[in-house]
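In what follows, a single structure is set out as structure tokens and then discussed.
Coordinate-derived values only; no laboratory data. No experiment lies behind these values; they were computed from the predicted model shown. Because the Cβ atoms are built from the backbone with ideal geometry, glycine has one as well, and the counts that use them run over all protein chains shown.
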Amino acid sequence: MTEERSGVITFKGNPMLVCGPELKVGEPAPDFRVVDNGLQAVTKGTAAGKVQLITVVPSIDTPVCDTMARRFNEEAAQLPEAVAVYTLSLDLPFAQKRWCGAAGIERVKMLSDYQERSFGLNYGVLIKELQLLARAIFVIDKDGQLAYQQIVKEVTDEPDYAAALAAVRNLA
């Protein structure tokens, strides 16, 4: 049975349960299997040897998620090539591809957890009541260790961009 945790996030002020474990910085980052916009599998090992900046959004078609993905797309242009930048959601890959085209997103690779929900469950960010992912940021170092995590307390709020980007720059 999957662990359920309370007190981690709220949605519009209402407490929600998240499914999955509480991760600890410094431990090996869990594996995951998601798909890109071409329905090709992507795992933690896909970008082995690179720093991975994984931004997680509930739905790309909402204002805060749109803002967050656009901001990280802009920031990604300033990061070294040794950094893989992903935005991950439960949106279908087709919706993600449409959104990327309309928004001009080129530096961030969109990934979908819709098939197995392995990212949401392994990283403890699947919202039980909504069956969406909580807004979060994870940084995995070149050795596959979890180097940084930020689970945004209120799902409708934006993350601390500066803290996440500082964590990436310290590793890159």
Sorted by Cβ neighbour density within 10 Å, fewest at the top, the residues Val155, Val125, Val35: Val35, Val155, Val125
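Kindly work out what percent of the DSSP beta bridges joining two residues of the chain are antiparallel, to the nearest 5.
On the way: 24 of 35 bridges.
If we restrict to bridges inside the chain, about 70 percent are antiparallel.
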Size of electric dipole in the range 91-172: Cβ of Lys, Arg +1 and of Asp, Glu -1, about Cα centre, debye, nearest 20: 220 debye
Calculated FRET efficiency for the pair Glu81/Arg33, C-beta based, R₀ 22 Å, to 0.05: 0.35
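Please give the calculated 222 nm ellipticity per residue for the chain, where each DSSP H segment of at least 4 residues contributes -39500 (n - 2.57) and the sum is spread over every residue; nearest 500 deg cm²/dmol?
-7000 deg cm²/dmol
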Centre separation in Å (Cα based) which lies between the range 143-168 and the range 16-53: 14 Å
Cross-link pairs Lys12/Lys128; Lys109/Lys142; Lys24/Lys50; Lys50/Lys153 - those with Cα-Cα distance over 23 Å: Lys50/Lys153
Prolate/oblate/rounded label for the chain (Cα gyration tensor, a/c 1.5): rounded
